[in-house]
Each structure stands twice: as structure tokens, then as C-alpha cells.
Amino acid sequence: MILLNLDNNSNIPLFRQVLEQLKNKIDNETLKPGDKLPSTRNLSDQLGVNRTTVYKAYQELWALGYIESRSGSYSYVRQRRDITIPENKNTADSINWSDRVNPNAEYVHRMFGKINYPFSESIEDFDGIDFGRLHPDTRIFPVYEFKKSLSKVITESGETILDYGEGRGFLPLREFIAHRLRLHGISANAKEILITNGAQNAIDLLLKLLAKPGSRVFVESPTYGMIIPTLTYYNCEIVPIPMNDEGIDLAATEKEIKKGTPIFLYTMPNFQNPTGITTSQEHREKLISMFEKNSIPIIEDAFEEEMKYFGKVPLPLKSMDINEIVFYIGSFSKILFPGIRLGWIAANRECINRLATLKRFSDITSALPEQAALADFCSQGHYEIHIKRIHKIYRKRMLLAVQTLEKKIENKNVNWIQPNGGFTIWMSMNHTNLSYDEINEIFYKNKIRLATGRDFFPNPVKNKYFRLAIASLDEEEILEGIKRLANAIREIFN
């Protein structure tokens, strides 16, 4: 007979008491593998409980692997493999994962796993002023308005928007994006737009579409830091094209085309990340003509297209794309909320069809509730209001940052590029023998953090570069941060 003590006055359900006591008896080997348990009828009679109580406990024991039950027969204690708990985990891996994983994935992990700290947990440990994060200021998010839109679409259309959506994305959102693109001179309709999980997902999809092992890819040097590991993973040959004050060096680009045709050029004509450079209309016309002549696609990353707050900026390359060689990438991450992870690709319709197929087997579709809420948010005029608001805010912040740099930093070995918009200032430090790590130590001692330039170059360069992003900082933080930066620079060149 199995002795169990049940407490009818306990808050613990009776079936749970039966379960836990039988579990304990099996764990401490009072009941051994092969021992027969009483039938549910006999044990329920013995305990004075409903038979369903015992049956439910037995079902739980079976699900946990403690017993074997057969219909019309008794239940037996089985030899059970130990369940993993923190105390019994084997800290020495039985599989050498560095040998087992995709070699390109391992290389990317080793080379880039510790960069781009804004996405890592370590950021929580930094209590200084952070110029490294290219994240919008959460304090100016239009949370209330977006919350209303999200609540509205769930209330009115919950059965629809909580289902899978169309592979290309929510039609009203694509129509709104097409409308915004027309304001920037781009002729596009909803069928020529694919919704993505931010700009990074758009880049990944385009590489799935275009990349072959060993493919040459032209990138600006410096360039967006996250595209370097992405291209490395796809086993592409990264061809860095130097930047000058006008943008990507056109003469150097033409020379590289003669050496070997790339599968595409990746470029950011407006407020380039990290330099902040905006190319001229003439430069854009020459660039697109060069690539049209050679039938080479261009990926135009317009992640900050809306951040034009210092006068006029030339129209995008895509606006001149008569021959449809440009893939235009946009995102709501830097303008609204990074957390909703929504971006888009505007391109030739046949390419969009192929990209939609690739997206379907990658992640099926982007989250529909966020798309529907964003479409409603935009249709109510909140997007346009928010754009006007952040233009005023960031124009003031960028002017303050540039003016304060001019006042506080007098060292002639330190230079920076004044941007026409966006969030970033690109700084160079000449004639210092200190390494990036040593310079960062001085920055951290002064309780500031900058993005190190080495993360933006495909190949090492001689000078030291840093990117200052004002995106997440207010005026007081910018003033104090540049004051600390000036102190750090004096220490670096002392």
C-alpha cells in the first residue's frame, strides 16, 4: 500500500498533492522502476477522493516521464532520464559548436560578436552620457497616439489583424508609404513595396535575392557597421570605396567596376551613416548614370530620409530610377519606434514578387497588428505631426552639438563633419598613437561613450575615427557630454 497524506484545508489542489507526493517517492526511490501503482479506482477509494483527482495526477506523472500507463492495465514506475535543471547541467559542452556551426556564422561571431553594443545587455551597466547609440529619444515617442491606434485596430478588426497577413504587408500601410515616397519624388505604388522587419531584414532579403558566394559588393568606406558582418556571412567579397567630401568617390568606383562587376552598390546618399555626408544632385546623377551604363543594381538605404531639417536636400536616387535598377530601403525605426521593427523595400515589381517569396519562407510575414496600428496612426495625421515636431527638436540639438564642439574642442588634430540633417557627427583624430581600446578607456573614465570608427570600415585604416550620435540625448546631455569629450581629448593628446 502506498501511504499519502492529503490536506483538505490546503490551498494546494488535491491532485497536485497526490502528484507531488508520488513524485517524491519516485525521486527518492521509495518507488523503484518497475513498481506497480494502484489503479485510479483503488487509490481514490484509499484516499477518499474523487477518481478524477487520481487520474489527473497520473496523467501529469506520465507527461513528466515518471510512469508508463497502458489502457486497461496498471501504471508502472519507469526508468526516467533526469530532467535538466541548472544544478545538473554539464558545463563542458559535449558538442564543439565552433566546429559544428556554419563556418561563416562562426567567423562572424568571432569577429563581430562584441561590437554594436547598443543591442547588448552591457549597455545597462553604463551610467554615463552615450553618444554611441543611434537610437531615437524614447522621451519624445508619440506613445499615447500609437496606443490609441493599436487599441482601435484590435477592437474593430481583431479577428483579422491577429491572423497571418498578406506576404507583401498590410495594404493600407503600403499605400501610405507609396504616398510618402511620391512626396520625395519617387514614383511607386503599393504593388512595388514590400513590408520588412526593419531595414536590416530588408538588407538580408536583398542578399538572399542577389548574393552568390564570392560576389563582389561595393560599399562606402566607412559604411553602416551591421552590413559588414551580413556580407561576410553571405561570403561576399567586400569592396570598400573611399568617401570624400562629396560622398562616395566616383573615380575610385569606376576603377573598381573595371576590375570586376559587383552584384550591387550599397549606399546612403542622405545623412550617410556614420559620416553624416549628403551627396549633391550632380553627384547622384553621375552615380546612377554610371551604374545604369554597367547594368549594376544599387541598394539605396534611406533610413534617415525624413530627417531633412537644414534646408533642401536633393531627391533620392530612386526618384531618377528610369531603368529600375535601384532598391530603395526605408524604415520607421529612426523616425518613430525601433521596437515595432517595420521597414520596407521599394523596387521593380518582379523583384518585389521574388522578395515576397523569400520573405514567406524566412518569416512568413511581418507582424500584422503593428502594421495595422501604424497605418491607422499615419492616416490620422500623427506621423506628419511627429515629423514636424522632431525636425524642430533635432535641428536645435544638432546646432547645439556643432556649436559646442567648435567652442570646446580646439585641438587641430581633431576634426568633424557638419551634417545637413540626421543624427550623426563623424569625428577624426589624427597623430595619436593610442589604440581604440586605450582611447575608449579614457572616454569611459570621463563617463562618455562613442561608437568606434573601426566598426564602420571593412578594412583597417590609419587614423582613429568616432561617431557621435545625438539621437537619444537632450540639450543638457549634449552640452555635458561634449564638455566631457573635450576633457577626454585633452587627456588623449597630452
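Brief remarks on what is shown
- Checked against (1) closer than 19 Å to A63 by Cβ; (2) part of a loop (DSSP other than H, G, I, E, B); (3) over 54 Å from the mean Cα position of the chain (by Cα), L43 passes all but a single condition, namely (2).
- In segment 458-494, of all residues being among the aromatic types (F, W, Y) and modelled with pLDDT of 95 or more, the one that is surrounded by the fewest Cβ atoms within 10 Å (Cβ to Cβ) corresponds to Y465.
- Selected residue [basic (K, R) and either at pLDDT below 85 or under 30 Å from A471 (Cα atoms) (or both)] from R100, R78, R51, R139: R139
- Matching residues, segment 406-439, being of a type in the set (S, T, N, Q) and surrounded by fewer than 17 Cβ atoms within 10 Å (Cβ to Cβ): N411, N413, N415, Q418, S428, N430, T432, N433, S435
- Selection of segment 1-57 for residues being aromatic (F, W, Y) and either open to solvent by less than 30 Å² (accessible area, probe 1.4 Å) or within 20 Å of S73 (Cβ to Cβ) (or both) yields only Y55.
- Cβ-Cβ under 7 Å pairs, at least 6 apart or on other chains, segment 210-230 side more than 19 Å from P297 (Cβ to Cβ), far side open to solvent by 10 Å² or more (accessible area, probe 1.4 Å) and of a type in the set (D, E, K, R): G225/D455
- The listed residues are L405, L468, L473, and the only one of them that is assigned to a helix (DSSP H, G or I), closer than 28 Å to S333 by Cα and not charged (D, E, K, R) turns out to be L405.
- Where a residue in segment 161-174 is touching a residue at least 60 places away in the same chain (Cβ under 8 Å) and its partner, wherever it lies, is open to solvent by 80 Å² or more (accessible area, probe 1.4 Å) and not in a loop (DSSP other than H, G, I, E, B), with Cβ under 8 Å and at least six apart: G167/R360; R168/K191; P172/S379
- Looking only at residues in segment 103-115 that are open to solvent by 70 Å² or more (accessible area, probe 1.4 Å) and under 17 Å from C236 (Cβ atoms), the one that is modelled with the lowest pLDDT is M111.
- Counting only strands (runs of 3 or more DSSP E) that sit wholly inside segment 171-277, those with at least 2 residues that are in contact with a strand residue (DSSP E or B) (Cβ under 8 Å, 6 or more places away or on another chain) and surrounded by fewer than 21 Cβ atoms within 10 Å (Cβ to Cβ) are 216-221, 237-244.
- Only one of the numbered conditions (1) among the acidic types (D, E); (2) at pLDDT below 90; (3) not in a loop (DSSP other than H, G, I, E, B) is violated by D93, and that is (3).
- Checked against the criterion of being among the aliphatic types (A, V, I, L, M), modelled with pLDDT under 95 and surrounded by fewer than 22 Cβ atoms within 10 Å (Cβ to Cβ), segment 283-296 contains not a single residue that satisfies it.
- For segment 132-169, the set of residues classified as part of a loop (DSSP other than H, G, I, E, B) and either at positive phi or more than 21 Å from the chain's Cα centre (by Cα) (or both) consists of L162, D163, Y164, G165, E166, G169, listed by residue number.
Table: residues versus (1) in a loop (DSSP other than H, G, I, E, B); (2) surrounded by 22 or more Cβ atoms within 10 Å (Cβ to Cβ); (3) out of contact with any strand residue (DSSP E or B) (no Cβ under 7 Å at 6 or more places or on another chain); (4) not hydrophobic (A, V, I, L, M, F, W, C).
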| position | (1), (2), (3), (4) |
| --- | --- |
| G330 | no, yes, no, yes |
| L336 | yes, yes, yes, no |
| I345 | no, yes, no, no |
| E350 | no, no, yes, yes |
| Q371 | no, yes, no, yes |
| K388 | no, no, yes, yes |
| R395 | no, no, yes, yes |
| L399 | no, no, yes, no |
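- Scanning segment 373-386 for residues that are open to solvent by less than 30 Å² (accessible area, probe 1.4 Å) and in a helix (DSSP H, G or I) returns A373, L374, A375, D376, F377, C378, Y383, H386.
- Among residues of segment 306-319, those that are assigned to a loop (DSSP other than H, G, I, E, B) and either open to solvent by 10 Å² or more (accessible area, probe 1.4 Å) or without any contact (Cβ under 8 Å) to a residue 40 or more places away in the chain (or both), counted: 9
- Odd one out for E324, checked against (1) part of a loop (DSSP other than H, G, I, E, B); (2) farther than 18 Å from I263 by Cα; (3) in contact with a helix residue (DSSP H, G or I) (Cβ under 9 Å, 6 or more places away or on another chain): (2)
- Count - residues of segment 60-73 that are surrounded by 15 or more Cβ atoms within 10 Å (Cβ to Cβ) and either over 23 Å from L6 (Cβ atoms) or not hydrophobic (A, V, I, L, M, F, W, C) (or both): 4
- Those residues of segment 424-447 which are among the acidic types (D, E) and within 20 Å of P222 (Cβ to Cβ), in sequence order: D437
- Taking the numbered list (1) at pLDDT 95 or above; (2) more than 24 Å from the chain's Cα centre (by Cα); (3) over 23 Å from E305 (Cα atoms) in turn, D437 passes all entries but (1).
The values are calculated or read from the model by the stated rules, or taken from the named source; none is laboratory data. None of the values given here were measured: they were computed from a predicted structure. Neighbour counts run over all protein chains shown; Cβ positions are idealised from the backbone, glycine included. Just so you know, the surface numbers come from the protein's heavy atoms only, side chains and all, with ligands and any DNA or RNA stripped out. Shrake-Rupley method; radii C 1.70, N 1.55, O 1.52, S 1.80 Å.
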